[in-house]
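Take a look at the structure below.
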Amino acid sequence: MATANSLPLRPLPGAAQPSAAVPGNPEFLTNDEAAAFLRLSPRTLEKQRVLGGGPRYRKFGARVLYAVGDLRTWADGRAYGMTSDPGSPQRASVR
């Protein structure tokens, strides 16, 4: 019987898969691939490029690419143990 920790992650519906032209694990990901990697909407990454606060990216001409190491570093910088941790994101009151 498989445990929750041993189950493979399923890709998000409609998320782009890494290009078959790049063997193995590519070092750079497109916007759609990076969004699938982080389990975010591609539009979220697009907005973060304009407004700031997103992972570092590279531009090659008109093409935007994300290094896998930069995505991991950005994600690791948003790890918290509990909601009262210093620096933990605080939502505005809904009242």
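Taken together, the values in this text are just the output of simple stated rules run on the coordinates, not laboratory data. Since the structure is predicted, the reported quantities are computational estimates derived from the model, not experimental observations. With ideal geometry, Cβ positions are generated from the backbone for all residues, glycine too; neighbour counts draw on all protein chains shown.
Here are a few things to note about the model shown:
- Modelled label positions at Glu27 and Gln48, each set 7 Å beyond Cα in the direction of Cβ, lie 2.2 nm from each other.
- Summing +1 for each Lys or Arg and -1 for each Asp or Glu among the other residues whose beta-carbon sits under 10 angstrom from that of Val68 gives -2.
- Farthest toward positive dipole pole in segment 25-76 [+1 Lys/Arg, -1 Asp/Glu at C-beta], among Leu29, Leu45, Tyr66: Leu45
- Highest mean first, the peptides 53-60, 83-90, 34-41 sorted by other C-beta atoms within 10 Å per residue fall in the order 34-41, 53-60, 83-90.
- Sorted by Cβ neighbour density within 10 Å, fewest at the top, the residues Glu46, Glu33, Glu27: Glu27, Glu46, Glu33
- Averaging 1/r across all pairs of distinct Cα atoms in segment 25-76 and inverting the result yields a Kirkwood radius of 10.8 Å.
- Point-charge dipole on Cβ atoms (K/R +1, D/E -1) for segment 25-76, about Cα centre, debye to 20: 200 debye
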